[in-house]
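A.B. asks: Provided herewith is a single structure, encoded as structure tokens, for subsequent inquiry.
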Amino acid sequence: MSAPPFPARGRIAAGTRKTLSRKWVQRLLVWGAIIIAWEIFGRRVGPFFFASFTQTMGGLRELVVSGDIWVLGESIQQMLSGYLLAAVVGIPVGLLMGASRKFRHVLEPYVNLMFVASMEALLPFLIILFGVGFQFRTMVVFLFSVLYVVLNTQAGVRNIDSQLIETARSFRAPAWRIFKDVMLPGTLPYILAGLRLALGMALQGMIIAELWVQTQTGALLFGLAEFRALDRFLALVLVIMILGALATEALFWVQRKAAPWARDLATPGR
Amino acid sequence: MAGKSELAVEEIDARPVRQRASAPGWLGGWLLSGWGLRLLSVVALLAAWQWYGSRPEVFAVAPFTDVFRELLEMVLSGRILEPTIGTLAIATQGFLWAAVVGIVVGFVTGLSKLARTTLDPLINALYTAPVSMLIPVIGIWIGLNVRGKVFLVFLTAVFAVIANTSAGVREVDPNLVETARSFGARRWSLYRNVILPWSAPFILIGLRLAVGRAIRGAIVADILLITDNLGRFLLEAGSTFNMSVLLAGIVFTMLLGYALMELAKKVEQSLMSWKPSQYE
Amino acid sequence: MHRTDAGAVEISNLSIVFSQRIGKVQQRVAALENINLTIADGAFVSIVGPSGCGKSTLLRITGGLVAPSDGEVRLYGTQVLSPRVESAMVFQHHNLFPWRTTLRNVEFGLEMANVPSAERRERAKHYLDLVGLTSFADYYPHQLSGGMQQRVGLARALAVEPKILLMDEPFGALDAQTRFLLQEELSRIWVQDRKTVLFITHDIEEALFLADRVLVMSSRPGRFIEDINVPFDRPRSDHTRGLAQFGEMKEHIWQLLKPSAAGSELI
């Protein structure tokens, strides 16, 4: 299914270019002001408590030169395995829960309970079950993120207009085509929204798990704080934040590209 | 308007009787529908837990009956009371700070177009950022004490309030604003009579999400920042491999979070009884 | 099973009972009671009635989407047990698939019928052209106006080249001007190939303007209370609407419907 041209939107884009550039001028000004304030604040309180913007940039260079930053890459690789597991498990479960009343009745109480309950309480138990290695961190990431995928997918299936299903039936669509041509496309934007929210949770799970067992990025964060290398610490925090924001933005983009018809979604959670 | 539902039969209930009549007898029907299935699944789950936990070679999972007895004991004896209050106190303080700061900042970013274009990306980035990565420096900035924990809870919860408040403020129906203007409402009366009531449901959603985040943040603080309260309760049981106490503590903590979220939901619904619920 | 002397649509002794919850009481409501109707091949028949009289249900039974409690429907002699190839539906809320472009929406029925893709595209383009939307082929439904959306819905049904078109208040949600335009357009399209049409509406004027035969339905239980032949020449136009006889027939049907309409307002 190639992306069809989008005449209406193309026309708008030309007209809004001017306001778009003004938006970025405003952003640069305000962000610049924030960075200057940060610089002044950092110099005032001194490197023992904080790091100014320039110091943080210096810290970033040190992180890159020393190669310490690549620990983050390893952490993210491990996070992605838990996140992918959450997608692989969460999407089918969400589809089933949305489509089958029986399935939903059985799973709903557990999913809701786990969704609002404090997953963090499970950490001491998970560590006994899985040790401190790869399995433990994958499981934490998985448990933190999977319910967002499940609940959003389920909401997507349940939000499908029953009239559309009836329409497909009136054109003699067999069950599998109703699934493929109505249920899946109708749920897609919700699945993508779920994956986007889940990514933030996965990152959260990754950090908590690694701080808890003090490995990789978690160990680096602790080490830098202990030696009061706050320039490098803040640089690392900034990199994690920007990566998270970029990944979320990228998934937003995918959502808009893959489902241009779905503009506003009520997504559960966050 | 009781008759409205009576009017359009075909829209309400399009399942003809013939299809319904094929359901099994009422007991069988009940067991296979809704609550019956739920009950069966809970029983099956507990039975599996009991069977697995009772096997001699399994040490990581205590049988359900032991965990349940332990749970009853810790609640009835009041042993869990003190840690619970400790954790909740931290969560409450952090939540209150997040509520106040979040609503104010949310209003500012929602009402000002400049703030919206420039600060929104930053707030969104902070909303998705894992704030627990600051744990190693909270001791340096605030101190390894209750204030540090409250700060962590605040950071965990505040962005949910900001994002939802500002979304509510900016989504005020322009027709309503226009209507109010045509009746002479200006500045403050406009805020009080249109913008605040309109954004109230959004603010309440933000606050409800913040309740959940505050509890999770308090537990993280009690486990990772300085071990205390419920965190210490769990960690002590875990480090001595007292599995029935550990599992009972986990079940208690998770149920506590669930109960508080349900409470927040109820409060939200009762405050918003004029508005039909439109989420979840 | 297949009888050649049969009408295009034959509805015999059809009843439908809903169980409905009013407050805490489950009630059985007879929505349609003992309906009999034969529609000749190539006829344009309208059913007009107050909302809630069961006319939409009757159409959905004919389309094979709902099973009747009693009685049966036959299309060209074959009993309807599920949606049949002979018929295609146009719905009140356009019911276009929001993720498909206009052209791909029109192709939907052909895809379900496993028509090869090249032929599918050709046919969809042809019918899109018939409703005047060729230049909107790549738009998504939400980018179209209400009138355009209904045209696409019509093209989607026409594209499967059904013998019978089942239309469920397709213009009910449109504004008056657009409704007039679409009525004339449907009339024009119908004159070209004279399909059998069963058209449901609550708009008396619409029924008279479009159909050769208007069936007036009462509510609670839904029954036909009159079967009226519409004599106006085709092609029909604004001139038709202005005829004295048109006005008289309109008034006559309104008098028939008034008791049920007032009743349903009062409930």
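The values are calculated or read from the model by the stated rules, or taken from the named source; none is laboratory data. Model, not experiment: these values are computed from the prediction. Neighbour counts run over all protein chains shown; Cβ positions are idealised from the backbone, glycine included. Ligands, DNA and RNA are stripped out before the accessible areas are found, and what is left, the full protein with its side chains, is counted by its heavy atoms. Shrake-Rupley method; radii C 1.70, N 1.55, O 1.52, S 1.80 Å.
A.B. asks: Using +1 at the C-beta of Lys and Arg and -1 at the C-beta of Asp and Glu, which of B:155, A:183, A:201 has the Cα lying farthest in the positive direction of the dipole of the protein assembly as shown?
C.D. replies: B:155
A.B. asks: Is segment A:111-184 rounded, prolate or oblate when judged by the Cα gyration tensor, a ≥ b ≥ c being the square roots of its eigenvalues, rounded requiring a/c under 1.5 and prolate requiring a/b larger than b/c?
C.D. replies: prolate
A.B. asks: Give the separation of the Cα centroids, segment A:83-154 to segment B:138-186, in Å.
C.D. replies: Cα centres, segment A:83-154 to segment B:138-186: 29 Å.
A.B. asks: Roughly what % antiparallel, to the nearest 5, for the DSSP beta bridges in the protein assembly as shown?
C.D. replies: So the antiparallel bridges amount to about 55 percent of the total.
A.B. asks: Find how much the distance from residue A:246 to residue A:184 grows on full extension, using 0.36 nm per residue of separation minus their present alpha carbon separation; answer in nm with one decimal.
C.D. replies: 19.7 nm
A.B. asks: Total accessible area buried between chains B and C, 1.4 Å probe, in Å² to the nearest 100?
C.D. replies: When B and C are taken together, about 1600 Å² of accessible area is lost.
A.B. asks: Ok, one more. Using the eigenvalues of the Cα gyration tensor, what equivalent ellipsoid semi-axes result for chain C when each is taken as the square root of five times the eigenvalue, whole Å, largest first? Don't skip to the end; give the middle numbers.
C.D. replies: Numbers: eigenvalues 169, 106, 75 Å².
In descending order the semi-axes read 29, 23, 19 Å.
A.B. asks: I've got another one for you. For a quick check: with amide H placed at 1.01 Å from N, whose amide H comes under 5 Å from residue C:72's, ignoring anything fewer than 5 positions away on the same chain?
C.D. replies: Here C:12, C:14 satisfy the definition.
A.B. asks: With θ taken as phi - 60° and the coefficients 6.51, -1.76 and 1.60, list the Karplus ³J(HN,Hα) couplings across segment B:147-158 in order, rounded to whole Hz; mark glycine and proline as x.
C.D. replies: Per residue, the Karplus-derived 3J(HN,Hα) values read 5, x, 5, 4, 4, 4, 4, 3, 4, 5, 9, 5 Hz.
A.B. asks: Which order, highest average first, do C:95-108, A:170-183, A:215-228 follow once you tally other Cβ atoms within 10 Å for each residue and take the mean per peptide?
C.D. replies: C:95-108, A:215-228, A:170-183
A.B. asks: If you don't mind, another one. Tell me which residues come under 5 Å, amide H to amide H, from residue C:222 once H is placed; ignore anything under 5 positions away on its chain.
C.D. replies: Amide H to amide H, under 5 Å and 5 or more residues apart or across chains, residue C:222 pairs with C:32, C:33.
A.B. asks: Got a sec to turn the phi values of segment A:168-184 into Karplus ³J(HN,Hα) couplings, 6.51 cos²θ - 1.76 cosθ + 1.60 with θ = phi - 60°, whole Hz, x for Gly and Pro?
C.D. replies: 4, 4, 5, 8, 6, 6, x, 3, 5, 6, 4, 4, 6, 9, 10, 5, 5
A.B. asks: Can you order the peptides C:61-69, C:175-183 by their average number of other Cβ atoms within 10 Å per residue, highest first?
C.D. replies: Highest-to-lowest ranking by the protection proxy: C:61-69, C:175-183.
A.B. asks: Another question, if that's okay. When averaged across all projection directions, what area in nm² does the alpha-carbon convex hull of segment C:88-161 cover?
C.D. replies: Numbers: hull surface 17.0 nm².
One quarter of the hull surface, i.e. the mean projection, equals 4.2 nm².
A.B. asks: Per-residue mean of other chain beta-carbon atoms within 10 angstrom of the beta-carbon, peptide A:123-130?
C.D. replies: Across the residues of A:123-130, the mean count of other-chain Cβ atoms within 10 Å is 6.
A.B. asks: Counting Lys and Arg as +1 and Asp and Glu as -1, each charge on the Cβ, what is the dipole of the protein assembly as shown about the Cα centre in debye, to the nearest 20?
C.D. replies: 1300
A.B. asks: Using modelled amide H (1.01 Å from N, peptide plane; none on Pro or chain starts), what sits under 5 Å from the amide H of residue C:97, excluding residues fewer than 5 places away?
C.D. replies: none
A.B. asks: Could you provide, to the nearest whole Å², the per residue accessible area of the protein assembly as shown with probe 1.4 Å?
C.D. replies: About 47 Å² of surface per residue is accessible.
A.B. asks: When the dipole is taken about the Cα centre of chain B, and only Lys, Arg (+1) and Asp, Glu (-1) are charged at their Cβ, what size is it in debye, to the nearest 20?
C.D. replies: Numbers: 24 positive and 19 negative charges, 153 e Å.
Computed charge dipole of chain B: roughly 740 debye.
A.B. asks: State whether chain A is rounded, prolate or oblate according to the following rule on the C-alpha gyration tensor (a ≥ b ≥ c being the square roots of its eigenvalues): a/c under 1.5 gives rounded; otherwise a/b larger than b/c gives prolate, and the remaining case gives oblate. Kindly include the intermediate steps, with their values, before the conclusion.
C.D. replies: Numbers: a/c = 2.91, a/b = 1.40, b/c = 2.08.
Note, shape of chain A comes out oblate.
A.B. asks: Shifting gears a bit: Distance between the C-alpha centers of segment B:70-110 and segment C:163-230? Whole Å please.
C.D. replies: 63
A.B. asks: Based on the Cβ-Cβ distance of residue B:72 and residue B:101, what FRET efficiency does E = 1/(1 + (r/R0)^6) give at R0 = 35 Å, to the nearest 0.05?
C.D. replies: Once the sixth-power term is evaluated, E becomes 0.30.
A.B. asks: Considering the dipole of the protein assembly as shown built from charges on the beta carbon (Lys and Arg +1, Asp and Glu -1) around the Cα centre, which of B:258, C:257, C:61 is farthest to its positive end?
C.D. replies: B:258
A.B. asks: Helix-only estimate, please: 222 nm mean residue ellipticity of the protein assembly as shown, summing -39500 (n - 2.57) across DSSP H runs of length 4 or more and dividing by its residues, to the nearest 500. Don't skip to the answer; put the middle values down first.
C.D. replies: Values: 34 runs with 524 residues, N = 817.
My calculation for the protein assembly as shown gives -21000 deg cm²/dmol from helical runs alone.
A.B. asks: So, with +1 on the Cβ of K and R and -1 on the Cβ of D and E, and no other charges, what is the size of the charge dipole of segment A:181-257 about its Cα centre, to the nearest 20 debye? Each step should come with its number before you reach the end.
C.D. replies: Details: 5 positive and 5 negative charges, 30 e Å.
It works out to roughly 140 debye.
A.B. asks: Answer rounded, prolate or oblate for the protein assembly as shown, using the Cα gyration tensor with square roots of eigenvalues a ≥ b ≥ c: rounded when a/c is under 1.5, else prolate when a/b is larger than b/c, else oblate.
C.D. replies: It comes out prolate by the Cα gyration axes.
A.B. asks: Can you give me the Cα centroid spacing of segment A:181-202 and segment B:249-266 in angstrom?
C.D. replies: 27
A.B. asks: From the phi angles alone, apply the Karplus equation (6.51, -1.76, 1.60; θ = phi - 60°) to segment B:202-217 and give each ³J(HN,Hα) in whole Hz, x where the residue is Gly or Pro.
C.D. replies: Taking θ as phi minus 60°, the curve returns 5, 4, 5, 4, x, 5, 5, 4, 5, 4, x, 5, 5, 5, 4, x Hz for segment B:202-217.
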